[in-house]
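Remarks on the structure that follows.
The values are calculated or read from the model by the stated rules, or taken from the named source; none is laboratory data. Keep in mind that what you see is a predicted model, and the values were worked out from it rather than measured. FYI the Cβ positions are ideal-geometry reconstructions off the backbone, even for glycines, and counts take in every protein chain you see.
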Amino acid sequence: MNTPTAKLEVPSSAQISTLESLHEHLQWAIELEHFTLPPYLCALYSLDAARNPEASEVVGGLSAMPSPRRLLIRGSIAPL
């Protein structure tokens, strides 16, 4: 039995074909990473560390730790 496979078509605006488009996509990735920080900080500030130290430690570690994606993006965009 042969099942058809769907092909995902990528819009031309989403394709990376030039150095300029690569720079633009990396910039979008950095912005997306920065948008994830406020919810973590909000959660951290709303926790009572005395009542729930484990949760405070986990959430605090997430917001303070640079994500591997962020480091990879910064390392990729610097030479551009």
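Worth a mention:
- Unmet requirement for Glu24, which otherwise passes all of (1) within 18 Å of the chain's Cα centre (by Cα); (2) modelled with pLDDT of 85 or more; (3) of a type outside the set (A, V, I, L, M, F, W, C); (4) not in a helix (DSSP H, G or I): (4)
- Thr3 meets each of the listed conditions (1) modelled with pLDDT of 65 or more; (2) in a loop (DSSP other than H, G, I, E, B); (3) not aliphatic (A, V, I, L, M) apart from (1).
- Single unsatisfied condition, Glu33 versus (1) at pLDDT 80 or above; (2) assigned to a helix (DSSP H, G or I); (3) charged (D, E, K, R): (1)
- Residue check, Leu44 surrounded by 11 or more Cβ atoms within 10 Å (Cβ to Cβ) and modelled with pLDDT under 85: yes
- In the range 12-50, the residues that are more than 22 Å from Ser76 (Cβ to Cβ) and of a type outside the set (Ser, Thr, Tyr): Pro38, Pro39, Leu41, Cys42, Ala43, Leu44, Leu47, Asp48, Ala49, Ala50
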